[in-house]
Each structure stands twice: as structure tokens, then as C-alpha cells.
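Notes follow the structure.
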Amino acid sequence: MDYRSGQPLYLQVVEGYKRLILSGVISENERLPSVRELASKLAINPNTIGRAYRELEALGYVGSSPGKGIFAMSGDNLRECDISEIYKAIGSEIKKLLDYGHNLEDVLTEINTRFSLLRGDQ
């Protein structure tokens, strides 16, 4: 938790759990800590954890079972949904560039150049 970040704490919890579930660190049907357990561990208000868990459930990352707890959903299915959302976002950003007058060939060349730098190609 980065208490000095401008990002609300509940969103930091949400993003952290999304990463853990998508990467397989938390496996499908694995029980998450209770609201009180996690709030105590992170030293934050239980309402913040409750809000994060509700958000994760709304997004489909976790499911709840009354009296039993909160459980992770399938990372594989979520990963596919997340990848789909990323591609939609990329498409939206490319469309903005095209709307600003850039041509597709130049945009794709720039993307390739930047990707090569990320991979460490010279």
C-alpha cells in the first residue's frame, strides 16, 4: 500500500488482487482473507477493504459465499477478459491518433519502434 499515492486505498487493494489472481499467485477458489483480517494486516479501515471486495466481485474477480468467505474466480477466464479490455483500449487510443490526423502506417511504425525498445532491441 502506498499511503502517499493519489490513488484511493480501495483501488490499490483492487489492483493488487487483480494482479495476484491474473498471475496465478492466488488460485481459483482460493479463499481471500476476511475483511477484518486484511484490514488489520494492512492497517486500514475495514470499510475500505469491504469496498475493494465489492468492486472485485462486481468485476468478476471474486465471488462470495455467505458464512464461508470470499473466493478467487478463475484467473484464465479473467485474463482473457482483461486482455480483451486492453486491446479495446489500444484500439481506442489508435483511433484518437488517426482522428488527430496521423496515418495508420506511421502509427504502426511508432508502435513497433516503442515495442522494440521495451524488448531491449537496438
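The residue list Thr109, Thr48 contains one member that is part of a helix (DSSP H, G or I), without any contact (Cβ under 8 Å) to a residue 60 or more places away in the chain, among the polar types (S, T, N, Q) and under 24 Å from Pro8 (Cβ atoms), which is Thr48. The criterion of being among the small types (Gly, Ala, Ser), farther than 29 Å from Asp2 by Cα and assigned to a loop (DSSP other than H, G, I, E, B) holds for Gly67. Among the criteria (1) loosely packed, with under 14 Cβ neighbours inside 10 Å; (2) among the hydrophobic types (A, V, I, L, M, F, W, C); (3) touching a strand residue (DSSP E or B) at 6+ places or on another chain (Cβ under 9 Å), the one Ala43 does not fulfil is (3). The sole residue among Ser34, Ser84, Ser74 that is farther than 16 Å from Leu9 by Cβ, of a type in the set (S, T, N, Q), modelled with pLDDT under 90 and surrounded by 11 or more Cβ atoms within 10 Å (Cβ to Cβ) is Ser74.
For region 54-71, taking the residues that are surrounded by 10 or more Cβ atoms within 10 Å (Cβ to Cβ) and hydroxyl-bearing (Ser, Thr, Tyr), the one that is modelled with the lowest pLDDT is identified as Ser64. For region 52-71, filtering for residues that are closer than 17 Å to Leu11 by Cβ, without any contact (Cβ under 8 Å) to a residue 12 or more places away in the chain and of a type outside the set (Gly, Ala, Ser) leaves 1. With the structure loaded, tell me whether Arg19 is modelled with pLDDT of 95 or more, at negative phi and under 16 Å from the mean Cα position of the chain (by Cα) or whether it fails that test. Against the criterion (modelled with pLDDT of 95 or more, at negative phi and under 16 Å from the mean Cα position of the chain (by Cα)), Arg19 does not qualify.
The values are calculated or read from the model by the stated rules, or taken from the named source; none is laboratory data. Just so you know, these numbers come straight off a predicted model, no measurement behind them. Backbone-built Cβ (ideal geometry, glycine too); neighbour counts: all protein chains shown.
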